[in-house]
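Peer 1: Can you keep this structure in mind? I'll have questions shortly.
Read the figures in this text as sums done on the coordinates, not as results from a lab. Source: prediction; values computed, not measured. Note: ideal-geometry Cβ built from the backbone for every residue, glycine included; neighbour counts use all protein chains shown.
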Ligand SMILES: NC(=O)c1ccc[n+]([C@@H]2O[C@H](COP(=O)([O-])OP(=O)(O)OC[C@H]3O[C@@H](n4cnc5c(N)ncnc54)[C@H](O)[C@@H]3O)[C@@H](O)[C@H]2O)c1
């Protein structure tokens, strides 16, 4: 029986790890302790799990007493490195929520510790486990469209899900590394995984003209906002049981407001992003992210030497939107004929069923053959955020950034 501890008991830590670990994997995994800077939130883990889970007031003390095999990290992105390094030094493997971390320096420090300790670092890219993306990977791997030479990829967040990144810690670069790291890490990882190649050159453009200080009628947070009746972004967290319990009722312990104003001057991340990536093997990608779209979804085109895959998805991420979810995939050979290939639907479970598949692999089927390479290691975590970090630098310095400047050990053969 493997012993796990969790650091970071917010929505993700509690609902994607603690609760399922206890309720579904009790035969092979034991959650032996939790730590969070907010002790009230940490204490709630037992309530969600339906059994008493020890809460520690100090992370190192927890490692010392529990001696876990693996530490699960679900804190703010900027703190993943701190816990990953301490965990490995204490002899533990690490399961880190995406993104691995937020800066080149932090990524290098994690790598250095892994090299020194030999411990495992797994980054939980759940999209690799989504039945839909898994099938696209299978199609590419089968050679149906040949070698992928170019990618066009657009990701859309609607004004409910997208706005959420501007309500809390994600909205400050120092915490999330911007959406280029926090959110796009999923998307960059998918393409890196599909192409089985490393990104090398990155150019980025980005603006923020929708959220941020774009209107005068703003306040600190929705809960006390004088414009609550007229603002279309008003969010009443007291009406959602989980948000109420995890955040509103815990805020006296740490002052973490889950419903800050999306028009705040504090916001320093972009809401519109456009980047180009050149891969080491020669493929090119154009990518964009919009955080205020009328609907949630994506478009992806993969051009290969034998054909082309065209994907469009609309996700029903929000009950307030009168749009139903759909997925269309068209695959053409070079004669323009459409190839008929089976595409599975996702399920309604966490992230289309991806979270459950990922957990099975993490907690029960660790040694099962991974023919599609769905488990993401440290290198995959670094390459995915590598694009985001290079894009951040490109935005700042208005130049093309070469990833081999920062991750030279991975690009030794590149002239
Ligand atoms: N894979 C996915 O689909 C997915 C979805 C959501 C979140 N995430 C990731 O999960 C992580 C947590 O996200 P969330 O939405 O639950 O955020 P959250 O803010 O709800 O939870 C973060 C928790 O960490 C705690 N915390 C903050 N600083 C800490 C510190 N220094 N030490 C210990 N605890 C600290 C907070 O009190 C909070 O309980 C993030 O890295 C996020 O990127 C992944």
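Peer 1: Using a basic spin-label model with each label point 7 Å from the Cα along Cα→Cβ, how many nm lie between residue 332 and residue 1?
Peer 2: 5.8
Peer 1: Going by Cα centres, the range 14-45 and the range 251-267 are how many Å apart?
Peer 2: Cα centroid of the range 14-45 versus Cα centroid of the range 251-267: 25 Å apart.
Peer 1: Moving on. Taking 0.36 nm per intervening residue step and subtracting the Cα-Cα distance, what contour gain separates residue 43 from residue 268 on full extension? It would help to have the intermediate numbers written out before the result.
Peer 2: On the way: separation 225, 0.36 × 225 = 81.00 nm, distance 3.24 nm.
Computed gain between residue 43 and residue 268 is 77.8 nm.
Peer 1: Measuring from label point to label point, each 7 Å out along Cα→Cβ, what is the residue 241 to residue 149 span in nm?
Peer 2: Taking the two extended label points, one gets 5.5 nm.
Peer 1: Mind checking which of 199, 226, 39 has the largest fluctuation in a GNM of the chain, springs on alpha carbons under 10 Å?
Peer 2: Greatest mean-square fluctuation among the candidates belongs to 226.
Peer 1: Take the alpha carbon atoms of the range 270-296, find their center, do the same for the range 121-166, and report the distance between the two centers in whole angstrom.
Peer 2: Comparing the Cα centres of the range 270-296 and the range 121-166, I get a distance of 12 Å.
Peer 1: Per-residue ellipticity at 222 nm for the chain, helices alone: DSSP H runs ≥ 4 residues times -39500 (n - 2.57), over residue total, nearest 500 deg cm²/dmol? Write out the running numbers ahead of the final one.
Peer 2: Working: 14 runs with 120 residues, N = 415.
Here the helix-only value at 222 nm equals -8000 deg cm²/dmol.
Peer 1: Further, regarding this structure: Label points 7 Å out from Cα along the Cβ direction at residue 221 and residue 256: separation in nm?
Peer 2: Here the answer is 1.2 nm between the modelled labels.
Peer 1: May I pose another question? Gaussian network model of the chain, Cα springs within a sub-10 Å range: biggest mean-square fluctuation belongs to which of 371, 288, 276?
Peer 2: 371
Peer 1: Based only on Cα atoms, what mean projected area does the convex hull of the range 55-99 have, in nm²?
Peer 2: Values: hull surface 11.8 nm².
Mean shadow area of the hull around the Cα atoms is 3.0 nm².
Peer 1: On to the next question. Name the residues of the range 15-42 whose amide N is less than 11 Å from a point 7 angstrom out from the Cα of residue 51 along the C-beta direction?
Peer 2: Counting only backbone N, you get 21-32.
Peer 1: Full extension from residue 340 to residue 214: what is 0.36 nm times the residue separation minus their Cα-Cα distance, to one decimal in nm?
Peer 2: Numbers: separation 126, 0.36 × 126 = 45.36 nm, distance 4.70 nm.
So the extension gain works out to 40.7 nm.
Peer 1: Taking only Cα atoms and a 10 Å spring cutoff, compute GNM fluctuations for the chain and point out the largest among 273, 243, 403.
Peer 2: Result: 243 has the largest fluctuation of those listed.
Peer 1: Hey, could you get me the Stokes-Einstein D for the chain, Kirkwood radius over alpha-carbon pairs, 10 °C and 1.306 mPa s, rounded to whole µm² s⁻¹?
Peer 2: Values: Rh = 22.3 Å.
In µm²/s, the coefficient rounds to 71.
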